[in-house]
Amino acid sequence: MTTKQKNQLAILMLNMFIAVAGFGIIIPIIPDYLKMIGEGGTAAGLMISVFAGAQLVMSPIAGKWADVYGRRLMIILGLIGFTISMGVFYLSDNLTILLVSRAIGGVGAALLIPAIFAYVADITTLEQRARGNSYISAAMSLGIVVGPGIGGFFAEFGLKTPLLVSAIVSFIAVISSVLLLKEPDRAPYVAPKIKESLPTQLVMSTRKPYFFVLVINLVMAFGLMAYESVLGLYVSEMFSATPQEIAIMVTGTGIVSVIVQLFAVDRLVEWLGETKVVLAFIALASFGFLLSLFAGTYMLFFAVTLVIFLSTSILRPVLNTLVSKLAGNEQGLAMGMNNAYMSIGNILGPTLAGIAFDIDMRYPFIMGLVLLLVTYMGTWNWSKRKAAAISET
């Protein structure tokens, strides 16, 4: 990569890191916060599902806006949404208002994420795309690492203090984007003659060459968010974990994710190719979900969580790269649809996991395991059909 490309990626990574760190600050306090307002697993699932629902509705629109109005503006508006979301969260103890704040955050994510990945596509070649996406994913993981650690620290000064810190950190991200981020050079956007609704776009996406990769992303998001949405509640109930111990778990797994995304993803793709990497790490994630059913101590569950997060940290940039390579000149639209499919998984996973958790704490992990196994079989069949189609040409 050239020096200019590296500088542009560094700015994108900085802004993604600040935004995700600001949001990750609240992770360790969620179990105790929900207990404080008299809520449980269902509310935890709803808080994630409402965020994902708003993200789903907004993502296709935001993807087009990134093509029409530019990546920079969407990134700045997305960060403003995060800031408002955390501010509202800090100022209220009412579940309904908290859900509204989460919806605002979901809109912010829909504006931010497709624009950043489309920006990466603008400044990289096809050969550099996997590396560029892995750098952005590493910045996200690093934000997840640092954010919960900060949240666990500030929780000592009051349960709501991390929410205020999160709002401040997100605001810093807004300022840094305004000052440092420039619009990338790209081909002019040609608007389609007919503007389709979200349901129509979802139907049309079934005819896109990257459709099955979107489905894999949906299922992976379902399983991961089902796991993440009850993770804090599970270790709190099962092992009496404190906010600080939850922060340590998320931070430890995040550190491994960052290292892998920075130094291993690109090499794995060069060695095996995207499809084999996807198959291998869906299998590893499935194994992690299986082990979670038998982990009887905090440390064993920590190790299992590490396996699952390691797998998803590799799958995320590889799947994004597959979509990008198959999207051609529809980068903004493709990333918007990718975000939309992931949002569907993010809605269904936490909602069903929260309900299942209130019935039996192990049910969300069983649900995720079954879905991942089905995904592995579907991906294997898709890879065979893809290989056969290539051999015929």
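Summary of computed values
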| item | result |
| --- | --- |
| Solvent-accessible area of Arg316 with every protein chain in place, 1.4 Å probe, in Å² to the nearest 10 | 60 Å² |
| Solvent exposure, largest accessible area first (probe 1.4 Å, DNA, RNA and ligands not counted), of Val230, Val219 | Val219, Val230 |
| Average accessible area per residue (Å²) across the chain - probe 1.4 Å, nucleic acids and ligands excluded | 41 Å² |
| Accessible carbon and sulfur surface of the chain relative to its total accessible area, %, 1.4 Å | 71 percent |
| For the range 278-285, 3J(HN,Hα) per residue [Karplus equation, 6.51 cos²θ - 1.76 cosθ + 1.60, θ = phi - 60°, Hz, x = Gly/Pro] | 4, 4, 4, 8, 5, 4, 5, 4 |
| Pairs of lysine residues in the chain - Cα separation under 22 Å, sequence separation of 8 or more or cross-chain | 20 |
| Full-stretch length increase - Leu272, Met361 - with 0.36 nm per residue and alpha-carbon distance subtracted | 28.3 nm |
| Phi to ³J(HN,Hα) by Karplus 6.51 cos²θ - 1.76 cosθ + 1.60 over the range 201-213, Hz, x for Gly, Pro | 4, 5, 5, 5, 5, 5, 9, 7, x, 9, 4, 5, 5 |
| Sites Leu293 and Ile37, calculated FRET efficiency, Cβ-Cβ separation with R0 35 Å, nearest 0.05 | 0.70 |
| Over the chain: helical MRE at 222 nm, DSSP H runs n ≥ 4 each giving -39500 (n - 2.57), nearest 500 | -29500 deg cm²/dmol |
| Residue-count net charge about Glu270 - beta-carbon cut-off 12 Å; Lys, Arg +1, Asp, Glu -1 | 0 |
| ³J(HN,Hα) computed for each position of the range 257-268 - Karplus, 6.51 cos²θ - 1.76 cosθ + 1.60, integer Hz, glycine/proline x | 4, 4, 4, 5, 5, 6, 10, 10, 4, 4, 5, 4 |
| Fully extended contour minus Cα-Cα distance, from Glu127 to Val374, at 0.36 nm per residue | 85.8 nm |
| Sequence of Lys160, Lys325, Lys6 from largest to smallest accessible area, 1.4 Å probe | Lys6, Lys325, Lys160 |
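The values are calculated or read from the model by the stated rules, or taken from the named source; none is laboratory data. In this text, all values refer to a predicted model and were calculated from it rather than measured experimentally. Ideal geometry is used to build each Cβ from the backbone, glycine not excepted, and the neighbour counts take in all protein chains shown. Note: accessible area is taken over every heavy atom of the protein model, side chains too, but ligands, DNA and RNA are not part of it. Shrake-Rupley method; radii C 1.70, N 1.55, O 1.52, S 1.80 Å.
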